[in-house]
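The values are calculated or read from the model by the stated rules, or taken from the named source; none is laboratory data. Just so you know, these numbers come straight off a predicted model, no measurement behind them. All Cβ positions, glycine included, derive from the backbone under ideal geometry; neighbour counts span all protein chains shown.
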Amino acid sequence: MSQQPEHLQKTALNEAHRRAGAKMVDFSGWEMPLHYGSQVDEHHAVRQKAGMFDVSHMVVSYLVGVDSTRYLSGLLANDVARLEDPGKALYSCMLNGQGGVIDDLIVYWMGGDRYRIVTNAATRVNDMAWMQRQLSGFSAVLTEKPGVAMVAVQGPNARAAVLGWLSDASREIVESLDRFFAADVEEGFIARTGYTGEDGFEVMVPQYEVEGFWQTMVDAGVEPCGLGARDTLRLEAGMMLYGADMTEETTPLESGLSWTVALEPEQREFVGSEALFRQKIDGVPRKLVGLLLDGRGVMRSHQKLFVADREVGEVTSGGFSPTLKRTIALARIQADVEGDCEVEIRGKRTPVAIGRPLFVRNGKAV
């Protein structure tokens with residue numbers, strides 16, 4: 001078990017991870033479990049049964065005030081007007097003036113002028129500073145919620161495990177949740193969301209209660225999983241990673257996230273909307289695609305892609321897929337490239353097939 005510098009932040013489950021023999025690593029300033037023994041076994045547990053991840057490093061914030069909806073309408077590329085039912089979640093990007101992605105996030109409408117927002121740990125300081133600056137002139141208050149722990153329970157058996165932990169009254173509410181909905185119940189905030197391509201829940205509870213919840217899930221047969229499996233699972237599911245597949249230098253239209261952008265109604269102006277309208281009219285110069293390696297080797301981020309002698313893009317995320325038993329990747333390439341190209345791995349070019357940025361969903365190859 002590795003030792004990490006004392007300055008790293010620790011979640012409320014840190015000691016539980018250590019007792020379970022986790023290999024701990026520095027992740028965006030947090031000491032987090034990479035794996036508990038076998039990353040591949042953890043990956044398969046999520047695809048075939050149920051696994052769980054400590055994601056308490058994520059940032060949970062509350063937004064309240066009469067201008068909350070109007071503020072989010074101008075802040076996010078997706079449109080909060082689409083949230084017609086309390087508890088509905090919306091995935092969106094937060095953009096800069098050039099249309100580049102500052103961060104991706106999930107916002108939950110809790111009814112009235114109340115929202116819960118979950119953003120990434122790596123961008124915590126910049127996100128909060130940006131969001132607070134954009135609040136100027138709006139009658140609304142954005143507050144980071146302290147003392148909240150968050151666990152993602154994912155996989156075919158995840159729902160049964162979490163429902164078994166709830167009281168009868170809470171179970172009735174949570175059992176009826178559709179995907180991408182959430183509810184506040186006696187035990188905590190339960191969202192039917194995730195980052196693995198499997199069904200399940202993201203559960204937010206007070207920090208002092210999370211170890212009990214974690215142990216209850218272990219007793220129910222849910223496998224603790226680390227960052228390694230989380231990355232291969234999200235890669236198979238074609239879910240983007242901030243800082244790799246999307247950055248402040250790339251727009252959602254170049255990052256396979258056009259479905260998260262609401263350019264209509266045109267009268268809704270949001271930060272970065274002018275740049276996106278212009279890019280849509282001029283044509284998107286690059287696109288995000290999925291790659292399947294035809295030969296040996298492993299694709300990694302920043303490896304160059306070629307058609308003949310023309311460099312056409314680069315890998316943004318890549319690795320070995322335990323489900324497909326072959327190497328897969330996400331890549332950003334020039335918009336006119338179709339069919340096949342070659343990836344340069346250690347000075348040697350290997351053929352790759354270009355397809356959709358989606359490989360596995362609900363445990364099966366797409």
Residue satisfying all of: in the stretch 177-191; assigned to a loop (DSSP other than H, G, I, E, B) and in contact with a helix residue (DSSP H, G or I) (Cβ under 8 Å, 6 or more places away or on another chain); nearest to Gly155 (Cα to Cα) among these: Glu187
Determine whether Met204 is closer than 28 Å to Leu95 by Cβ, modelled with pLDDT of 95 or more and within 14 Å of the chain's Cα centre (by Cα). no
Residues located in the stretch 253-296, provided they are in contact with a strand residue (DSSP E or B) (Cβ under 7 Å, 6 or more places away or on another chain) and over 30 Å from Ile345 (Cβ atoms): Thr260, Phe270, Val271, Gly272
Any idea which of (1) free of Cβ contacts under 8 Å to residues at least 40 places away in the same chain; (2) assigned to a strand (DSSP E or B); (3) more than 22 Å from Phe201 (Cβ to Cβ); (4) hydrophobic (A, V, I, L, M, F, W, C) is the one Val125 doesn't satisfy? (2)
Being of a type in the set (A, V, I, L, M, F, W, C) and either free of Cβ contacts under 8 Å to residues at least 12 places away in the same chain or under 19 Å from Tyr208 (Cβ atoms) (or both) is true for just one of Val174, Val151. Which residue is that? Val151
Qualifying positions in the stretch 324-341 - surrounded by 13 or more Cβ atoms within 10 Å (Cβ to Cβ) and within 22 Å of Met246 (Cα to Cα): Thr327, Ile328, Ala329, Leu330, Ala331, Arg332, Ile333, Gln334, Ala335, Val337, Cys341
Of (1) part of a strand (DSSP E or B); (2) free of Cβ contacts under 8 Å to residues at least 60 places away in the same chain, Glu202 satisfies every one except (2)
For the stretch 213-252, name all the residues that are in contact with a strand residue (DSSP E or B) (Cβ under 8 Å, 6 or more places away or on another chain), assigned to a helix (DSSP H, G or I) and acidic (Asp, Glu). Asp231, Glu236
Might you let me know whether the stretch 111-131 holds any residue that is in contact with a Pro (Cβ under 6 Å, 6 or more places away or on another chain), within 17 Å of Lys88 (Cα to Cα) and not aromatic (Phe, Trp, Tyr)? yes
